[in-house]
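Below: the structure, in structure tokens.
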Amino acid sequence: MTATPATTVFPRVGGHRAFDLVDTVHWRLDEARRIDTLASFDDVVEWCVQMGVDAGGPAELHDLARKEPATAAREHAAVIALREAVHDAVFASSTAAVELIAREHVDALGRSDLRRDDTAVTWTWRVPDDLSGPRAAIALLAHDLLVSDLHAARRCGDDACGWVYLDTSPRHNRVWCTAAGCGNRNRVARHQARKKS
Ligand SMILES: [Zn+2]
């Protein structure tokens, strides 16, 4: 019997879904350990599902990706470029990254419709019903983050982790992506270093 591969559970520590997207890279600051959990277009669709990002019907998107693998691969690469642009715009003040997000945002709006459900009182952008849906939805998120107040944007205090988040703690003193993960590991390491010396 072959076991079904476990679905990746994507982290939600960013406080904004554009930062959650950046956090799909684990150990970003350690080239040897770095893991990209968005390895394919299908992973991007799964990320959108888990994050509640409306990027089109997941079954239809998986199906389309099987039929048009070259387009899916291009869209996957474009999403990864957007993810890295979010990181570099916020944490490296990269003009090229900001320009990429601006271009993708304008492009996403050009291909989307502003719609309202029968029951809702607000209008929302509906992204195109094709393989470019996830990229459009993610471009809207990236722009939304970029034009928000970024005073609370932080990077985890761990040397290798590289996860980013909005520090919304009351005293704005959050050092770790998660207290149980990087927080605990670093506390233990410090304790052991003290014992040794
Ligand atoms: Zn961390």
Name, by its number, the condition in (1) assigned to a helix (DSSP H, G or I); (2) more than 16 Å from the ligand (Cβ to nearest atom); (3) within 22 Å of ARG28 (Cβ to Cβ) that does not hold for LYS195.
(3)
In this structure, does ALA73 turn out to be small (Gly, Ala, Ser) and part of a helix (DSSP H, G or I)?
yes
Determine whether ASP42 is surrounded by 15 or more Cβ atoms within 10 Å (Cβ to Cβ), in contact with a helix residue (DSSP H, G or I) (Cβ under 8 Å, 6 or more places away or on another chain) and acidic (Asp, Glu).
yes
Please name all residue pairs, on different chains or six or more residues apart, with Cβ atoms under 7 Å, provided the first residue is in the stretch 152-180 and is more than 9 Å from the ligand (Cβ to nearest atom) and the second residue is among the hydroxyl-bearing types (Ser, Thr, Tyr).
ALA152/THR168; ARG154/TYR165
Taking only the stretch 149-176 into account, find how many residues are outside any loop (DSSP other than H, G, I, E, B) and basic (Lys, Arg).
2
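In the set ARG190, ARG126, ARG116, which member is away from the ligand (no atom under 13 Å from the Cβ), out of contact with any strand residue (DSSP E or B) (no Cβ under 7 Å at 6 or more places or on another chain), basic (Lys, Arg) and more than 24 Å from GLU31 (Cα to Cα)?
Result: ARG116 is the single residue among ARG190, ARG126, ARG116 that is away from the ligand (no atom under 13 Å from the Cβ), out of contact with any strand residue (DSSP E or B) (no Cβ under 7 Å at 6 or more places or on another chain), basic (Lys, Arg) and more than 24 Å from GLU31 (Cα to Cα).
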Would you point out the residue of the stretch 133-151, among those that are in contact with a helix residue (DSSP H, G or I) (Cβ under 6 Å, 6 or more places away or on another chain) and without any contact (Cβ under 8 Å) to a residue 60 or more places away in the chain, that is surrounded by the most Cβ atoms within 10 Å (Cβ to Cβ)?
ALA139
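A short reminder: the numbers here are calculations on the coordinates, not readings from a lab. Please read these numbers as outputs of a predicted model, since none were measured by experiment. Heads up, the Cβs are rebuilt from the backbone with ideal geometry, glycines too, and the neighbour counts pull from every protein chain shown.
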